[in-house]
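The values are calculated or read from the model by the stated rules, or taken from the named source; none is laboratory data. Here the structure is a predicted model, which means the values were calculated and not measured. Don't worry about glycine lacking a Cβ; one is built from the backbone with ideal geometry, like all the others, and counts go over all protein chains shown.
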Amino acid sequence: RHKEMLNNEIITYRKEHLGKSLSLQYKVPIKMVRGAGQYLVDQYGKKYLDTVNNVAHVGHEHARVVKAGQEQMSLINTNSRYLHENINQLAKELIETLPPELNVLHFVNSGSEANELAIRMMKAATGERDIIASEVGYHGNSNMCIDISSYKFDGKGGKGAPEHTHIFPLPDSFRGKYRGRDAGKLYADEVKKCIEQVHDKGRKVGGLIVEPIISCGGQIELPDGFLKQAYAYIREAGGICISDEVQVGCGRVGKTFWGFQLYDVVPDIVTIGKPLGNGHPLAAVACTQEVADKFANGMEYFNTFGGNPVSCAIGTAVLRVVKDEKLQQNALEIGAYLKTTLNELAEEFPIIGDVRGQGLFLGIEFVDKEMRPLAAHADYTINRMKDHGILMSTDGPDNNVLKIKPPIVFTKDNAEELIFYLKKILAEDFMRAY
Ligand code: PMP
């Protein structure tokens, strides 16, 4: 009776009794039973190198993080209306990583909740509800988040942009609307056009939300000068700027702790998710005193689980591990090594049209000679990599971009293993036929 269910029984049960839009990874799905560092282990004891999971930021089941959670869980877990040191401690340590202007925190439980709150704050701070966001952007699963996620409403099952959402073209300088030197300025002009669109309707802009590297867009680094100029236009129009750091935050991009810092700007609101809890549901919204004051208009913001002592103990442990194990530096070094080596591979295998990203948040785009996307080749690659015990994922509007965003404890040996098998697979017949 208690014997392990076979995988196909699990699959059948899911299909009948779990949400019908819940998908599975891989043609033959895997059942993972353990995680350790940058590895996952399946039911047969097969070990996989994980280059996908940017949630297990400091490594799957990191001992210090697990211990912090277990110890606090055995003491007390309550809501944040009681005094507790843990919430103050996590706030202090997070604020230390942020520019001085961003020094008020609200703790929540997911990236969606963080963006949901950020938009409520935008509305409270500006009195406006029109928001500008990127094409192929994804910001979460709630009503409001879907309404600003072109990745969803412009995709299958979507109904296009709602009245108050204004989408600028994906600022992709490889295959996007504008390429080359002036791309940053030209995409910023597109943001300006969105602002004018709002004005033409007799309304004003609430704000702009954008990821520092657009993940679902296919790991799109923002072109030079774009964010600075876009922020300037938004602020000129009375709007506020939100940086969605749910994917890229907490040291992953290497050069800087937060993604927006790559572009020398300071947002009004920063949303933080996935990495902060290393797998535990913990997220946060950082904002300025001014935004926080306007949001506190008399209506209380209460969040049952947000900022509880267990979550905060875990979040603090994560930040300390990043610091103590010098993981931001590791992301910088290993990311740079990977990028250089991938660029060398691109010379040998022209199917690699572009290698981009920062730190351990990279993308490899497959195209043919006419720059047409090669989705089947990307899919083939991740399935073949899986055969060799390496987990990878694909994304981008044409599903032709391989993403690399592993736990940031990823080592040089791991990078070499990844490159070794990638090179082997790139030489296979299927990969050469396009
Ligand atoms: N923002 C971005 C950029 C994301 O990638 C995601 C999740 N993939 C979210 C927000 C939503 O986070 P969550 O799934 O934790 O609600």
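Checking ARG252, ARG235 one by one, the residue that is of a type in the set (Lys, Arg) and within 17 Å of the chain's Cα centre (by Cα) is ARG252 and no other. Restricting attention to the range 88-103 and to residues that are farther than 21 Å from VAL253 by Cβ and buried (at least 19 other Cβ atoms within 10 Å of the Cβ), the residue that is farthest from the ligand (Cβ to nearest atom) turns out to be ALA91.
Could you check the range 104-127 and list, in sequence order, the residues that are within 16 Å of the ligand (Cβ to nearest atom), hydroxyl-bearing (Ser, Thr, Tyr) and in contact with a strand residue (DSSP E or B) (Cβ under 6 Å, 6 or more places away or on another chain)? Explain how you work it out, then say what you get.
Going residue by residue through the range 104-127, those that are within 16 Å of the ligand (Cβ to nearest atom) are 106-122.
Still in the list and also hydroxyl-bearing (Ser, Thr, Tyr): 110, 112.
The answer is SER110, and nothing else.
Only one of the numbered conditions (1) at pLDDT below 95; (2) in contact with a helix residue (DSSP H, G or I) (Cβ under 8 Å, 6 or more places away or on another chain); (3) within 24 Å of SER215 (Cα to Cα) is violated by TYR48, and that is (1).
Of all residues being assigned to a loop (DSSP other than H, G, I, E, B) and within 16 Å of the ligand (Cβ to nearest atom) in the range 173-228, which is farthest from the chain's Cα centre (by Cα)? Just the residue, please.
Step one: of the range 173-228, the residues assigned to a loop (DSSP other than H, G, I, E, B) are 173-182, 201-204, 211-212, 215-219, 222-225.
Checking which are within 16 Å of the ligand (Cβ to nearest atom) leaves us with 211-212, 215-219, 222.
Values: GLU211: 8, PRO212: 9, SER215: 6, CYS216: 8, GLY217: 11, GLY218: 11, GLN219: 9, LEU222: 14 Å.
The selected residue is LEU222.
Condition check for LYS152 on (1) farther than 27 Å from SER173 by Cα; (2) within 20 Å of the chain's Cα centre (by Cα): one failure, at (1).
Exactly one residue among VAL285, VAL248 is outside any helix (DSSP H, G or I), closer than 29 Å to ILE425 by Cβ and within 16 Å of the ligand (Cβ to nearest atom), and that residue is VAL248. A search for C-beta distances below 9 Å between a residue of the range 129-149 that is within 8 Å of the ligand (Cβ to nearest atom) and any residue that is among the aromatic types (Phe, Trp, Tyr) and at pLDDT 95 or above, counting only pairs 6+ apart in sequence or on different chains, returns GLY137/TYR151; TYR138/TYR151; HIS139/TYR151; CYS145/TYR138. Beta carbons closer than 8 Å, at least 6 apart along the sequence or on distinct chains, pair a first residue in the range 2-23 that is over 29 Å from GLY157 (Cα atoms) with a second that is at pLDDT 90 or above and in a helix (DSSP H, G or I) for MET5/TYR13.
Taken together, ASP172, ASP200, ASP154, ASP182 contain a single residue that is more than 23 Å from ASP268 (Cβ to Cβ) and buried (at least 24 other Cβ atoms within 10 Å of the Cβ), which is ASP172. Of the residues making up the range 338-384, those that are within 15 Å of ASP429 (Cα to Cα) and crowded, with 20+ Cβ neighbours inside 10 Å are ILE351, LEU374, HIS377, ALA378, THR381. Where helices (runs of 4 or more DSSP H) sit wholly within the range 365-434, those with at least 3 residues that are of a type in the set (A, V, I, L, M, F, W, C) occupy 375-387, 412-426. Taking the conditions (1) in contact (Cβ under 8 Å) with a residue 60 or more places away in the chain; (2) in a loop (DSSP other than H, G, I, E, B); (3) within 21 Å of CYS194 (Cα to Cα) in turn, ILE242 satisfies each one other than (2). Examine the range 241-259 for a residue that is β-branched (Val, Ile, Thr) and farther than 28 Å from ARG179 by Cα, and state whether such a residue exists. So far as the range 241-259 goes, no, none of its residues is β-branched (Val, Ile, Thr) and farther than 28 Å from ARG179 by Cα. I'd like to know if the range 76-96 contains one or more residues that are in contact with a strand residue (DSSP E or B) (Cβ under 6 Å, 6 or more places away or on another chain), outside any helix (DSSP H, G or I) and modelled with pLDDT of 95 or more. Looking for residues that are in contact with a strand residue (DSSP E or B) (Cβ under 6 Å, 6 or more places away or on another chain), outside any helix (DSSP H, G or I) and modelled with pLDDT of 95 or more, one finds none in the range 76-96, hence no.
Please verify whether ALA124 is touching a Lys or Arg at 6+ places or on another chain (Cβ under 6 Å) and part of a helix (DSSP H, G or I), treating the condition exactly as stated.
Working: touching a Lys or Arg at 6+ places or on another chain (Cβ under 6 Å): yes; part of a helix (DSSP H, G or I): yes.
Spelling it out, ALA124 is indeed touching a Lys or Arg at 6+ places or on another chain (Cβ under 6 Å) and part of a helix (DSSP H, G or I).
Residues satisfying the criterion are present in the range 356-373 (criterion: without any contact (Cβ under 8 Å) to a residue 40 or more places away in the chain, touching a helix residue (DSSP H, G or I) at 6+ places or on another chain (Cβ under 9 Å) and over 26 Å from ALA56 (Cβ atoms)). Is it the case that GLU116 is among the charged types (D, E, K, R), in contact with a Ser or Thr (Cβ under 6 Å, 6 or more places away or on another chain) and not in a loop (DSSP other than H, G, I, E, B)? Spelling it out, GLU116 is indeed among the charged types (D, E, K, R), in contact with a Ser or Thr (Cβ under 6 Å, 6 or more places away or on another chain) and not in a loop (DSSP other than H, G, I, E, B).
Look through the range 288-331, keep the residues that are in a loop (DSSP other than H, G, I, E, B) and of a type in the set (Asp, Glu), and return whichever of them is surrounded by the fewest Cβ atoms within 10 Å (Cβ to Cβ). Show your work before the answer.
In the first step, residues of the range 288-331 are kept if they are in a loop (DSSP other than H, G, I, E, B); the result is 288, 296-308, 325-326.
With of a type in the set (Asp, Glu) added as a condition, the list becomes 300, 325.
Working: GLU300: 5, GLU325: 16.
This residue is GLU300.
Per the conditions (1) touching a Gly at 6+ places or on another chain (Cβ under 8 Å); (2) surrounded by fewer than 20 Cβ atoms within 10 Å (Cβ to Cβ); (3) small (Gly, Ala, Ser), the sole criterion not satisfied by GLY396 is (2).
Cβ-Cβ contacts under 6 Å between residues 6 or more apart (or on different chains), taken from a first residue in the range 89-111 that is more than 18 Å from THR304 (Cβ to Cβ) to a second residue that is among the aliphatic types (A, V, I, L, M) and more than 16 Å from the ligand (Cβ to nearest atom), are listed as ALA91/LEU105; GLU93/LEU319; PRO99/VAL266; GLU101/VAL266; ASN103/ILE95; VAL104/ALA292.
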